[in-house]
Amino acid sequence: MLTVDRTVAWLNDFCDALIEHKATLSEYDRIIGDGDHGNNMARGAEQLKNALLDTSPKTLGEAFKTAAMKWISTVGGASGPLYGTAFMEMAKAAGDATEFDVQPLIKAGVAGIQKRGKAVAGEKTMLDVWIPLSEKFDAAQLAEAFNTTTNMQATKGRASFVGERSIGEVDPGAASSKLLFEALLKDVVE
Ligand SMILES: [Mg+2]
């Protein structure tokens with residue numbers, strides 16, 4: 001279960017993790033993409049932290065909408081629209097609620113990512129972390145989904161250009177999604 005305070009804490013913890021791991025995320029992207037993922041995500045993170053201080057959300061919908069707007073307007077690349085749409089679908093699912101279950105939120109996020117990215121499971125994208133967690137949310141499932149994604153061959157997006165060499169390399173979107181869900185594991189209320 002998430003409350004408004006826990007949601008704001010989650011988003012802040014996610015932002016802190018993105019800023020802390022900025023160089024690592026860009027390094028993953030340099031190997032199988034264009035090397036900008038850490039910088040792009042950290043830019044959104046700085047903006048969102050300020051916005052959460054300025055707006056102090058009163059509902060879960062307001063919190064996720066703030067995240068969506070910042071990601072769409074400042075992050076750029078593929079990740080801006082993908083995370084932005086995920087947060088926007090989470091905002092719609094939660095609406096005016098001040099408490100909400102985690103599982104339906106993740107499912108709403110998956111629907112947003114699929115709609116925007118036209119991706120399916122098994123293509124070595126962030127979805128390969130999100131989909132298993134939408135079915136079962138715990139630390140073991142997160143670890144397994146992340147490792148499974150790393151061992152896939154990329155068949156979607158820029159990473160597909162490196163073909164078999166992508167096997168064993170970390171997908172940057174999967175890595176930032178891992179940070180998102182690690183923050184949620186820390187902040188979610190049983
Ligand atoms: Mg990139």
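Summary table
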quantity: Of Lys22/Lys92; Lys22/Lys178; Lys70/Lys156; Lys124/Lys178, those spanning more than 19 Å from alpha-carbon to alpha-carbon; calculated: Lys22/Lys92; Lys70/Lys156
quantity: C-alpha long axis of helix 172-187 to longest principal axis of the chain, angle in °; calculated: 30
quantity: Segment Arg30-Ser56, length gained on full extension (0.36 nm per residue, minus Cα span); calculated: 5.8 nm
quantity: Helix axis angle, 102-117 relative to the chain longest principal axis, alpha carbon, degrees; calculated: 50
quantity: Between helix 79-94 and the chain: long-axis angle, C-alpha atoms, 0 to 90°, nearest 10; calculated: 40
quantity: Computed [θ] at 222 nm, deg cm²/dmol, the chain (DSSP H ≥ 4; -39,500 (n - 2.57); rounded to nearest 500); calculated: -21500 deg cm²/dmol
quantity: Pair Thr148, Thr98: separation of 7 Å Cα→Cβ label points (nm); calculated: 3.8
quantity: Convex hull volume per residue for segment 80-177, taking Cα atoms only, in Å³; calculated: 86
quantity: Whole-Hz ³J(HN,Hα) from phi, Karplus 6.51 cos²θ - 1.76 cosθ + 1.60, for segment 13-19, glycine and proline x; calculated: 5, 4, 4, 4, 5, 5, 5
quantity: Within segment 74-153, trypsin sites (Lys or Arg not before Pro) in DSSP loop having at most 13 other beta-carbon neighbours inside 10 Å; calculated: Lys118, Lys136
quantity: Principal axes of the chain: Cα extent on each, largest first, Å; calculated: 47, 30, 27
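Every number in this text was worked out from the coordinates using simple rules, so none of it is lab data. This one's a predicted model, so the numbers in the text were calculated from it and none came from an experiment. FYI the Cβ positions are ideal-geometry reconstructions off the backbone, even for glycines, and counts take in every protein chain you see.
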